[in-house]
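Heads up: the structure comes next, in structure tokens.
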Amino acid sequence: MLDRFSREIYGEPEWACGRASLWVWGPCLLYALLAAGLLLQGLRGERIFFFPAAAALAFGLWRLWRLQLPVAFVCRERLLLLAPGRLLRGRSWREQLLEPVYFATAYEAVAGFSPRWNEMYLGEATPGGLVKVPVLLTALSRRDREMLVRRIEEKQQACRPYQER
């Protein structure tokens, strides 16, 4: 299910994580250098570079904002993961560009993640029982990946009915 994060619906997040700082600041520095180069060309008298410089600057600011968004929210009842663009097809441009949309799932449904952390497996590990969902977790730090798995396992243990020994 795709939804925007709302504290009224999902409650206060127990834990949230974002991309590793190298994944955030590296591209932003690149966007800033590109915009600065185009602006310098525009100031030298080549006015044709003003529009590309303004567009590069706007794109860089938008990417800076997008890269700073939390990638995962661990809430009381649901796990919310930032949805990639391919899940947003058919939605309005405002939802795709300005409102972060998250994929919400129950903890019991999570079966694991792919080795590259670009897919989440939902369902049971039986033939035909797993569904792959694209996720944006490749840029998480190792520590955040371990913490996310640990939190999911804790929630799954809490959701399981009491088992007699």
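Cβ-Cβ below 9 Å, separation at least six or inter-chain, first residue in the stretch 136-165 and within 16 Å of Leu81 (Cβ to Cβ) and hydrophobic (A, V, I, L, M, F, W, C), second at pLDDT below 90 and loosely packed, with under 13 Cβ neighbours inside 10 Å: which pairs? Within 9 Å, the pairs are Ala139/Leu22. The set of residues in the stretch 132-146 being assigned to a strand (DSSP E or B) and open to solvent by 80 Å² or more (accessible area, probe 1.4 Å) consists of Lys132 alone.
Among the conditions (1) at pLDDT 90 or above; (2) within 27 Å of Glu8 (Cβ to Cβ); (3) open to solvent by 20 Å² or more (accessible area, probe 1.4 Å); (4) not in a helix (DSSP H, G or I), Lys155 misses just one, which is (4).
Can you say whether Pro13 is in contact with a helix residue (DSSP H, G or I) (Cβ under 6 Å, 6 or more places away or on another chain) and open to solvent by less than 100 Å² (accessible area, probe 1.4 Å), as far as the supplied structure shows? No; evaluated as a whole, the condition is false for this residue. Only one of the listed residues (Pro52, Pro27, Pro13, Pro70) is out of contact with any His (no Cβ under 6 Å at 6 or more places or on another chain) and free of Cβ contacts under 8 Å to residues at least 24 places away in the same chain. That residue is Pro52. Leu38 falls short on exactly one of the conditions (1) open to solvent by less than 50 Å² (accessible area, probe 1.4 Å); (2) under 20 Å from Glu146 (Cα atoms), and that condition is (2). Within the stretch 39-87, the set of residues being in a helix (DSSP H, G or I) and either touching a strand residue (DSSP E or B) at 6+ places or on another chain (Cβ under 8 Å) or within 18 Å of Leu122 (Cα to Cα) (or both) comprises Arg86, Leu87. Would a scan of the stretch 16-37 turn up a residue that is in contact with a strand residue (DSSP E or B) (Cβ under 7 Å, 6 or more places away or on another chain) and assigned to a helix (DSSP H, G or I)? No, because not a single residue in the stretch 16-37 is in contact with a strand residue (DSSP E or B) (Cβ under 7 Å, 6 or more places away or on another chain) and assigned to a helix (DSSP H, G or I).
For Leu98, indicate whether it is among the hydrophobic types (A, V, I, L, M, F, W, C) and either touching a His at 6+ places or on another chain (Cβ under 7 Å) or exposed (fewer than 12 other Cβ atoms within 10 Å of the Cβ) (or both). Before the answer, list the steps.
Values: among the hydrophobic types (A, V, I, L, M, F, W, C): yes; either touching a His at 6+ places or on another chain (Cβ under 7 Å) or exposed (fewer than 12 other Cβ atoms within 10 Å of the Cβ) (or both): yes.
Considered against the rule, which asks whether it is among the hydrophobic types (A, V, I, L, M, F, W, C) and either touching a His at 6+ places or on another chain (Cβ under 7 Å) or exposed (fewer than 12 other Cβ atoms within 10 Å of the Cβ) (or both), Leu98 comes out as yes.
Which residue is modelled with the highest pLDDT, if the candidates are limited to the stretch 101-117 and must be in a loop (DSSP other than H, G, I, E, B) and either open to solvent by less than 30 Å² (accessible area, probe 1.4 Å) or of a type in the set (A, V, I, L, M) (or both)?
Among residues in the stretch 101-117 that are in a loop (DSSP other than H, G, I, E, B) and either open to solvent by less than 30 Å² (accessible area, probe 1.4 Å) or of a type in the set (A, V, I, L, M) (or both), the one modelled with the highest pLDDT is Ser114.
The values are calculated or read from the model by the stated rules, or taken from the named source; none is laboratory data. Keep in mind it's a predicted model, so treat the numbers as computed, not measured. Heads up, the Cβs are rebuilt from the backbone with ideal geometry, glycines too, and the neighbour counts pull from every protein chain shown. Only protein heavy atoms, including side chains, enter the accessible area calculation; ligands, DNA and RNA are left aside. Shrake-Rupley method; radii C 1.70, N 1.55, O 1.52, S 1.80 Å.
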